[in-house]
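Asker: Just dropping this structure here.
Only the coordinates and a few stated rules stand behind these numbers; no lab work does. Keep in mind that what you see is a predicted model, and the values were worked out from it rather than measured. We place every Cβ from the backbone using ideal geometry, glycine too, and count neighbours over all the protein chains shown.
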Amino acid sequence: MIRPDAELHGKTSFREWASQFSGQYFVMIQIFADESGTHDPTGQRQGSKYPIIAGFAARKSIWDKFCVSWKAMLKKYDDAPYFHGRELEGARLAIVQNRPITKELAKNPYIARKWDLKTIESFRRALTKVVVVGNKIPIIGGIPIPLFDKIKYAVSDKDPYKYCMSEFFRVYHHETWLQWGNFKSDVSFFFDWSDNLKWRDAIFEVFDAYQKKDARMRGPNFEKKTVLIQLQAADLLAYRVRQIVELHYSGKEYELEENDRVLLKNLLKSAAIINPQLKPHLKK
């Protein structure tokens, strides 16, 4: 969904954006991104202390195959309407904590299907395996709010979310350069739709700053993840990475789950380029 005043920002028109899916206009690289933990910039509310913006970069042909496989997996699991990390975790916690099923909780599609813990975890693992098929590069940006509070005196913008966005675009440049070199293809960016105009404006602002240095960048485009299912892959990554970051800063001992290793394995490719000693781990 293109913002109504997108033309004022020099962005692509809706016709150009839509034609990417009709075959009239081909974009080689597409990045789909979502956010997690961005509901309180002070970091006081639960789940807001470690905001994350994350997604995957891949060729359009890879994303086309992904859509077919993702839809097939949703159908396999009781025709699940979509993947949503927060709702899936809500269903898991409802079972673990034996919560009463309220009217609001009954709207959760996974609870409505009466899934048990085994099905919930199986669903997550199955979709993770779909996500990592093909050469998709994870792109992740974030900042712990407590850390940002310590450094914000030294940055020009006091908005922690703009800092996260800047990190996301910085990592995009770094990771794609490491794995693909100085490629010439255009790169279209798609973000999950937000009703928060301030949030969308912030993405436009930070995007503009990076686009001036990288003419390959196209967008940003906004759409609901129920329309562009590639955004559900970004949701899976963003939500899980935020959980992992929370575990890391909790001070408690923890170990990455096997599913996490599958989800994040592609990050090792960049690490192995920098440190060749890590190459053997890519085969595990």
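Asker: How far is it, in nm, from the label point at Leu93 to the one at Ser250 when both lie 7 Å from their Cα along the line to the Cβ?
Answerer: 1.2 nm
Asker: Next question. How many nm separate the modelled label positions at Gln179 and Ile101, each set 7 Å beyond the Cα in the direction of the Cβ?
Answerer: 4.0 nm
Asker: Could you work out how much longer the chain between Asp40 and Ser69 gets when fully extended? Use 0.36 nm per residue separation minus the Cα distance between them, nm to one decimal.
Answerer: Length gained, Asp40 through Ser69: 7.0 nm.
Asker: Which whole number in µm²/s is D for segment 34-108 by Stokes-Einstein, with the Kirkwood Rh taken over Cα pairs at 25 °C and 0.890 mPa s?
Answerer: Answer from the Stokes-Einstein relation: 161 µm²/s.
Asker: While we're on this one: Gain in length, Val132 to Asp214, computed as 0.36 nm per residue apart minus the alpha-carbon separation, to one decimal in nm?
Answerer: 26.8 nm
Asker: Under 20 Å between alpha carbons, and skipping anything fewer than 8 positions from Lys184 in its own chain: which aspartates and glutamates qualify?
Answerer: Those aspartates and glutamates meeting the cut-off are Glu16, Glu175, Asp208, Asp214.
Asker: For segment 103-192, report the % of Cα-Cα distances exceeding 17 Å. Let's see the in-between values first.
Answerer: Working: 2777 of 4005 pairs.
Everything past 17 Å amounts to 69 percent.
Asker: Going by average Cβ neighbours within 10 Å, how do the peptides 109-118, 248-257 rank, with the highest at the top?
Answerer: Per-residue mean Cβ counts within 10 Å order the peptides as 109-118, 248-257.
Asker: What shape does segment 28-166 take by its C-alpha gyration tensor, where a ≥ b ≥ c are the square roots of the eigenvalues and a/c under 1.5 counts as rounded, a/b above b/c as prolate, and the rest as oblate?
Answerer: oblate
Asker: Report the FRET efficiency, 1/(1 + (r/R0)^6), for Glu257 and Trp199, where r is their Cβ-Cβ distance and R0 is 41 Å, rounded to 0.05. Kindly include the intermediate steps, with their values, before the conclusion.
Answerer: Values: r = 31 Å, r/R0 = 0.74.
The value I calculate is 0.85.
Asker: What does the C-alpha gyration tensor say about the overall shape of segment 81-149? Classify as rounded when a/c is under 1.5, otherwise prolate if a/b is larger than b/c, or oblate.
Answerer: oblate
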